[in-house]
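Heads up: the structure comes next, in C-alpha cells.
Every read-out reported here was derived from the displayed coordinates using simple, explicitly stated rules and does not represent laboratory data. Computed from a predicted structure; not experimentally measured. No Cβ is skipped: glycine too gets one built from the backbone with ideal geometry, and neighbour counts run over all protein chains shown.
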Amino acid sequence: MAQSRTLLDKIWDAHLVRPETEDAPAILYVDLHLVHEVTSPQAFTVLRERGLRVRHPERTVATMDHSTPTLPRVNGRFPFAHGDAETQVETLARNCREHGIELHELGSRNQGIVHVIGPELGLTKPGMTVVCGDSHTSTHGAFGALAFGIGTSEVAHVLATQCLLQRKPKTMRVSIEGALQPGVTAKDVILAVIAKLGVGGGTGSVIEYAGRTVSAMSIEERMTVCNMSIEAGARAGMVGSGAWQTDEGARFDREIAVDVSRLAPMITWGTDPGTAIPVDGNVPEDAPQKSATYMGVKPGAPLLGTKIDVVFVGSCTNGRLSDLRAAASVLRGRRIASGVRVLIVPGSQQVKRAAESEGLDKVFRDAGAEWREPGCSMCIAMNGDALAPGQAAVSTSNRNFEGRQGKGGRTFLASPLTAAAAAVAGAIADPREVLR
Amino acid sequence: MKLLKGRAVVVLRPNIDTDQIIPARFLRTTRREGLGVALFADRPEFLQGQTGSILVAGENFGCGSSREHAPWALLDHGFRAVISSSIADIFRSNAIKNGLVPVQIPDTSQLRGEVAIDLETCTVECEGRRQSFALDPFARHCLINEIDELGYLLAAEKEIAAFEARR
C-alpha cells in the first residue's frame with residue numbers, strides 16, 4: 001500500500017523536475033507566476049543583461065497594484081503621488097509587451113491586487129504551484145495549491161526557467177474546530193492562530209488548515225486565513241480542495257489544535273501581527289514598553305474606547321466582496337464619527353463593479369467613507385495613501401509593523417466588522433454591540 | 001569567499017521586520033543599486049553611530065515581506081553578513097542569492113567587536129570563543145564559490161524540457 005501523504009507531499013512530488021539531495025535543493029516546477037510592478041523590474045533587467053527570454057509567457061500574468069493611485073483619473077491621467085511609481089508602472093508595461101505577458105494594467109477591466117485577481121480570473125487551481133514576488137502569495141493556498149512568496153532573484157529564475165531551487169519545507173497542520181459566534185470572522189480566527197504560534201512559529205513550514213471550522217468556511221474566508229500564514233513566519237498556507245487532500249493517517253512534522261467556539265473578535269495591540277487580543281480584552285500586563293509606547297496603549301488597560309483617526313478596509317487579506325458586505329452591514333444607515341477618515345478600497349475592478357451593483361458604494365458614501373479605486377493602498381502605503389505620524393488606524397490589512405501604513409502611523413489589525421464598528425464609534429469598538 | 005572578518009554592529013531587538021530594514025516608500029525604484037541610504041531609514045537609533053560589516057540582530061530577523069530590497073540595502077550599506085538566533089525564510093533565501101551571509105547561532109549575546117565567519121568550517125569566532133552554525137550545503141557552496149543559481153537552473157534545461165514533455 002502506498003504511504004499516506006500530506007497535500008504538500010502530493011503537490012511537491014507532482015512538480016519535481018529534479019528531487020533534492022543532501023547537497024542540492026530540488027528543482028521545482030512552477031505552474032503559475034504572478035507579477036507586479038514593485039518586485040519585478042530588476043528581474044527583467046537580469047533577463048535583459050543575459051539575453052534571456054521568458055520561458056512561458058502563457059504561465060505568467062501581471063498586474064499593477066502596489067504603487068498605484070486609488071483615486072480616479074483626472075483629465076484622463078492617473079494621479080500618481082510619486083513620479084517614480086509612474087516609472088515603475090510604465091516599466092512593467094514595457095516588460096510585459098517585450099515578453100508577451102498578459103497584463104492587467106491600471107484602469108483595465110480586471111486590474112486589481114494580484115492575490116485578488118488570480119483567483120477571480122480562474123488562474124489559481126487545486127494542485128498547482130503558484131509563486132509571486134510578494135509574501136502574501138500564500139492566499140492562493142485556499143484553493144488547494146502550494147503558493148508562496150519569492151524574492152526578485154527568484155522572479156528572474158522563474159521568468160527564465162519556470163523553475164525554482166527549493167528545499168522541501170516542514171509540514172504543520174492547524175486543526176480548527178468550533179462554530180464561530182456572531183460577529184466573529186475568518187480574520188479573527190487567523191489573528192488568534194498567529195497569536196498562538198507567534199510571529200516566528202511557522203518558520204520553515206507550510207501550514208495546512210484543517211478541521212470543521214475551515215471546512216465550513218467560504219473560499220473567500222479561506223483566502224483570508226491562508227493569506228496571513230506568512231505573519232506566523234510560514235512559507236505558505238493551504239486548505240485541501242477537491243481531489244487534492246491530505247491522506248488519512250498522513251504524518252505532519254507538527255500538529256496544532258485550536259478551538260474557536262468561544263473566540264471573540266480579535267484586534268492587535270502591538271507592532272507585530274502576533275499581538276492579537278479579544279477586542280474587549282486588556283493589553284497584556286507584560287507588553288513590551290517600546291511597542292506599547294509606539295502604539296499609545298497602556299499595559300493592563302482595555303483597548304475599547306481607544307480613539308482612532310483612520311479606518312482602512314481593503315487589501316489582499318480583506319478586500320473581497322464578502323469583506324465589503326461585512327463592512328457595509330455595520331455602516332448601512334449609520335454615519336462615521338466626525339473627524340475619522342474611512343478608506344474603503346476594493347481589491348479589484350471586478351470586486352468594485354460587484355459591490356457597486358449591490359449599492360455598497362452608496363452605503364459607504366452615505367456613511368461618509370471614501371470609495372476608492374482598487375489597489376494595495378494603505379496596506380503598504382507606498383502610493384500616497386498613508387497615515388500621518390501619530391495617527392491611529394483600525395485596518396483590515398495584514399501587518400502592523402512600525403511605519404507600515406506610513407511613518408509614525410499606528411495600526412490596529414482587525415476584521416472588516418470590527419473596522420466598521422470603529423469607524424462609527426471613532427474609537428476601538430466591539431462589533432457585537434453594533435450588530436446586536 | 002571563505003573567510004569573512006569584520007566589526008559587529010549589534011542591534012539586539014527581536015523581529016526586525018522588512019519594513020524596518022527598508023520602508024516601503026523606498027521600493028518605488030526599478031534598480032537594485034543605491035539602497036544603502038534607505039537602510040533603517042526610520043530607525044536611526046539602530047545603528048547609533050556603530051560601523052561594521054557584520055550585523056548581529058535579535059531573533060526572527062527579516063520577517064515580513066519578500067522584498068529583496070532588504071538584503072540589497074544591507075549590502076549597499078556595507079554589511080556582508082547577518083547573525084541572529086533565527087532568520088526569516090524569504091529573507092535568508094534572498095540574502096544568499098546576493099552573497100549576504102546568513103548565520104544562525106543560538107546565542108548571539110557574546111558577539112561584539114571583531115568577528116570572523118568561516119564558511120569552510122561553518123564557525124563564528126569572537127574574542128577567542130568559537131561557535132558552529134548550520135548552513136545548507138548548497139547555500140554554503142554557492143556563497144564560497146559565488147555560484148549563480150540562475151546559471152545552475154539554466155544548465156538543467158534538458159531536464160526541465162523533459163519534465164514539461166511528460167506532464
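Couple of notes before you dig in:
- Sequence-ordered 3J(HN,Hα) estimates for the stretch B:68-75 from the Karplus curve with 6.51, -1.76 and 1.60 and θ = phi - 60° stand at 6, 4, 5, x, 4, 5, 4, 5 Hz, glycine and proline given as x.
- Taking every alpha-carbon pair under 8 Å whose residues sit at least 6 apart, chain A reaches a relative contact order of 17 percent.
- Over the stretch A:118-224, equivalent-ellipsoid semi-axes from the Cα gyration tensor in Å: 27, 16, 12
- Karplus 3J(HN,Hα) series, Hz, for the stretch B:7-19 with 6.51 cos²θ - 1.76 cosθ + 1.60 (x for Gly, Pro): 8, 7, 10, 9, 10, 7, 5, x, 6, 6, 7, 5, 6
- Under a 5 Å amide H cut-off, with hydrogens placed 1.01 Å from N, A:Glu373 pairs with A:Leu71 among residues at least 5 apart or on other chains.
- Span from the the stretch A:368-436 Cα centroid across to the the stretch A:146-176 one, whole angstrom: 30
- Straight-distance crosslink candidates among lysines, where the alpha carbon sits under 17 Å from A:Lys10 and sequence neighbours closer than 8 are dropped: A:Lys125, A:Lys168, A:Lys170
- Residues whose amide H comes within less than 5 Å of that of B:Val101, counting only those at least five positions distant or on another chain, are B:Ala81, B:Val82 (H built at 1.01 Å from N in the peptide plane).
- What separates the Cα centres of the stretch B:1-53 and the stretch B:78-110 is a distance of 12 Å.
- Residues of type lysines that A:Lys362 reaches as a straight line, Cα spacing below 28 Å, ignoring anything fewer than 8 places off in the same chain: A:Lys187, A:Lys307, A:Lys352
- Whole-Hz Karplus values for the stretch A:331-342 come out as 7, 4, x, 10, 10, 6, 4, 5, x, 9, 9, 10 Hz, taken residue by residue from phi with 6.51 cos²θ - 1.76 cosθ + 1.60 and θ = phi - 60°; glycine and proline positions read x.
- Gyration tensor (alpha-carbon) shape descriptor, the stretch A:293-436, a/c threshold 1.5: oblate
- Kirkwood hydrodynamic radius of chain A, from inverse mean 1/r over distinct Cα pairs, in Å: 21.9
- Normalised contact order of chain B, rounded percent, pairs of Cα under 8 Å and 6 or more residues apart: 24
- Computed over the protein assembly as shown, the per-residue total of -39500 (n - 2.57) for DSSP H runs of n ≥ 4 gives a 222 nm mean residue ellipticity of -8000 deg cm²/dmol, rounded to 500.
- Amide proton proximity set for B:Asn15, modelled H, under 5 Å, gap of 5+: B:Glu59, B:Asn60, B:Phe61
- Among A:154-161, A:240-247, the order from most to least packed when residues are scored by Cβ within 10 Å on average: A:154-161, A:240-247
- Mean silhouette area of chain B, derived from the convex hull of its C-alpha atoms and averaged over all directions, reads 11.0 nm².
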